[in-house]
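Notes follow the structure.
Every number in this text was worked out from the coordinates using simple rules, so none of it is lab data. Every value quoted in this text rests on a predicted model; they were computed, and no experiment measured them. So basically every Cβ, Gly included, is an ideal-geometry build from the backbone, and we count neighbours across all protein chains shown.
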Amino acid sequence: MTENRNRRKLKNILINPRFQLKYVMLASFAGIILTVANATLFYRYVNENYAILVELSPMTEEAKALLYKELRTIIGFLTVSSLVFVAVVAWLALMISHRTAGPLYHFNRVFNEIRTGKSGSRIHLRPEDDFQDVAESFNRMMDSIQGNQNSKG
């Protein structure tokens with residue numbers, strides 16, 4: 001049962017895929033641009049200095065090859081860690097967009113209910129959701145409209 005509940009929670013993360021994925025893609029793109037810029041600067045600086053130090057030092061060719069292999073290992077590690085960083089940024093963007101998309105979904109649902117004649121519908125958000133003040137204002141407005149209609153009728 002807990003596996004089914006976890007699957008349902010993961011499924012519900014994308015409440016408004018178009019809205020949320022747009023922000024995930026923007027955050028990922030920014031992370032990739034920054035990662036590529038950082039990697040390029042790092043590689044240029046380190047490779048240039050490595051080349052000077054290795055070529056000027058009295059080492060055997062095997063030792064020089066070992067140093068270059070070590071440099072490639074470091075660059076590989078930095079590349080993988082940068083990709084993990086971008087993935088974490090994308091996940092955080094998804095979680096942040098979820099906190100906005102959820103309330104917007106509830107607003108839209110209540111608007112549709114009111115349009116179909118259910119004027120008693122109100123917006124109820126979770127305490128940690130964004131737009132609490134807007135939901136409260138909307139609910140007060142609907143209470144006022146419903147009170148005015150009842151006093152006229």
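Count Lys and Arg as plus one, Asp and Glu as minus one, and take only other residues whose Cβ is under 15 Å from that of Val54; the net charge is then -2. Site pair Glu128 and Ile13 shows an inter-label distance of 1.4 nm when each label is modelled 7 Å from Cα along Cα→Cβ.
Checking (i) 1.16; (ii) 1.04; (iii) 1.85 against the coordinates, the calculated Cα Rg over 2.2 N^0.38 Å falls under label (iii). Model label sites at Ala87 and Arg140, defined 7 Å from Cα along the beta-carbon direction, differ in position by 4.7 nm.
Given Gln146, Gln132, Ala30, which one lies farthest toward the positive end of the charge dipole of the chain, if we put +1 on the Cβ of every Lys and Arg and -1 on the Cβ of every Asp and Glu? Towards the positive end, the residue furthest out is Gln146. In loop segments of segment 48-153 as defined by DSSP, the GluC sites (Glu not before Pro) with at most 14 further C-beta atoms inside 10 Å of their C-beta are Glu128. All other residues whose Cβ lies under 14 angstrom from that of Gln132 are scored, Lys and Arg at +1 and Asp and Glu at -1, for a net of -1. Across the options Ser121, Phe42, Pro17, the greatest Cα extent toward the positive end of the charge dipole of segment 2-152 (unit charges at beta carbon of Lys, Arg, Asp, Glu) belongs to Ser121. Select from the chain the helices, each a whole stretch of DSSP H, whose alpha-carbon atoms run 20 Å or more along the helix axis and whose Kyte-Doolittle mean is at least 0.5; answer none if there are none. Helices meeting the criterion: 17-56, 61-115.
Put a plus charge on the Cβ of each Lys and Arg, a minus charge on the Cβ of each Asp and Glu, and nothing anywhere else: the dipole of segment 79-140 about its Cα centre is then about 280 debye. On a straight-distance basis, which aspartates and glutamates could pair with Lys152 in a cross-link, Cα separation under 17 angstrom, same-chain partners fewer than 8 positions away excluded? Leaving aside aspartates and glutamates fewer than 8 places away in the same chain, those within reach of Lys152 are Asp143. Protection proxy ranking for 96-102, 142-148, 16-22, using the average of other Cβ atoms within 10 Å per residue and placing the highest first: 96-102, 16-22, 142-148. Charge dipole (Cα centre; +1 on Lys/Arg Cβ, -1 on Asp/Glu Cβ; no other charges) of the chain amounts to roughly 1020 debye.
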